Amino acid sequence: MTAPRRPLDDLLLYRLSRLLSVAGSMVIRLCEGRFGITRREWRLVAVLASRGELSSSELAEHAQLDRARTSKAVGSLVAKQLVSRVVRPGDRRQVRLGLTESGQALYEELFPLVTQINTELLGALSDDDAARLDESLHRLHARAERMVEEAVLPKADRGRRGAGGANPPLKPRKPE
């Protein structure tokens with residue numbers, strides 16, 4: 001007899017993804033419908049607003065995006081005149097990215113609206129529950145980072161059929 005299958009809804013990552021999909025759709029509609037930017041572009045604008053000028057690599061790291069996606073979104077933001085590329089004097093290879101006046105104005109108009117959506121969503125929780133959720137999310141994030149550092153995971157095949165054979169198993173977790 002086979003064990004009963006557990007529903008996908010029992011998986012934390014699936015539930016978080018669904019929450020982001022539902023609640024995040026309001027942010028996407030604001031970004032795309034009212035402000036003409038994508039969610040990814042909004043993330044980069046928000047990072048630049050909070051951190052100031054950054055290199056493309058630093059921006060990708062802070063936004064937790066890969067460099068190719070960051071580069072594409074930055075190109076779009078530059079074309080929309082929301083982000084500027086600033087070349088460092090004496091070293092043309094050192095390019096810093098920063099918000100233009102229009103980019104800063106967009107951030108100042110959109111951020112309170114996104115904050116309002118977050119506040120309304122958290123309104124489903126008591127203050128104590130919200131504090132516990134915040135602490136739990138910090139702990140889960142720290143655990144996820146440790147798991148990524150410790151895991152031996154195969155790289156995606158990305159079209160290289162037949163190269164490498166079967167994927168190796170995950171490296172066992174170290175006891176805490």
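Within the bounds of the range 27-34, is there any residue that is touching a helix residue (DSSP H, G or I) at 6+ places or on another chain (Cβ under 9 Å), under 23 Å from residue 109 (Cβ atoms) and of a type in the set (Gly, Ala, Ser)? No, the range 27-34 has no match at all. Summed over the range 58-114, residues that are surrounded by fewer than 16 Cβ atoms within 10 Å (Cβ to Cβ), β-branched (Val, Ile, Thr) and in a strand (DSSP E or B) total 3. Could you tell me whether the range 2-25 includes any residue that is assigned to a loop (DSSP other than H, G, I, E, B), hydrophobic (A, V, I, L, M, F, W, C) and open to solvent by 30 Å² or more (accessible area, probe 1.4 Å)? Yes, there is a match, as at least one residue in the range 2-25 is assigned to a loop (DSSP other than H, G, I, E, B), hydrophobic (A, V, I, L, M, F, W, C) and open to solvent by 30 Å² or more (accessible area, probe 1.4 Å).
For beta carbons closer than 8 Å, sequence separation of 6+ or different chains, a first residue in the range 144-171 that is at pLDDT below 85 and among the aromatic types (Phe, Trp, Tyr) and a second that is open to solvent by less than 100 Å² (accessible area, probe 1.4 Å) and part of a loop (DSSP other than H, G, I, E, B), there are no qualifying pairs.
Scanning the range 71-87 for residues that are farther than 22 Å from residue 105 by Cβ and either in contact (Cβ under 8 Å) with a residue 12 or more places away in the chain or touching a Lys or Arg at 6+ places or on another chain (Cβ under 7 Å) (or both) turns up just one, 71. Of the set (1) among the small types (Gly, Ala, Ser); (2) free of Cβ contacts under 8 Å to residues at least 12 places away in the same chain; (3) more than 23 Å from residue 120 (Cβ to Cβ), all apply to residue 17 but (3).
Within the range 2-13, residues that are under 20 Å from residue 140 (Cβ atoms) sit with their Cβ atoms under 7 Å from residues that are at pLDDT 75 or above, at 6+ positions apart or across chains, in these pairs: 8/14; 9/15.
The set of residues in the range 32-52 that are surrounded by 14 or more Cβ atoms within 10 Å (Cβ to Cβ) and not in a helix (DSSP H, G or I) comprises 37, 38.
The values are calculated or read from the model by the stated rules, or taken from the named source; none is laboratory data. The structure displayed is predicted, hence computed values, not measured ones. With ideal geometry, Cβ positions are generated from the backbone for all residues, glycine too; neighbour counts draw on all protein chains shown. Please note that ligands, DNA and RNA were not included when accessible areas were found on the heavy atoms of the full protein model with its side chains. Shrake-Rupley method; radii C 1.70, N 1.55, O 1.52, S 1.80 Å.
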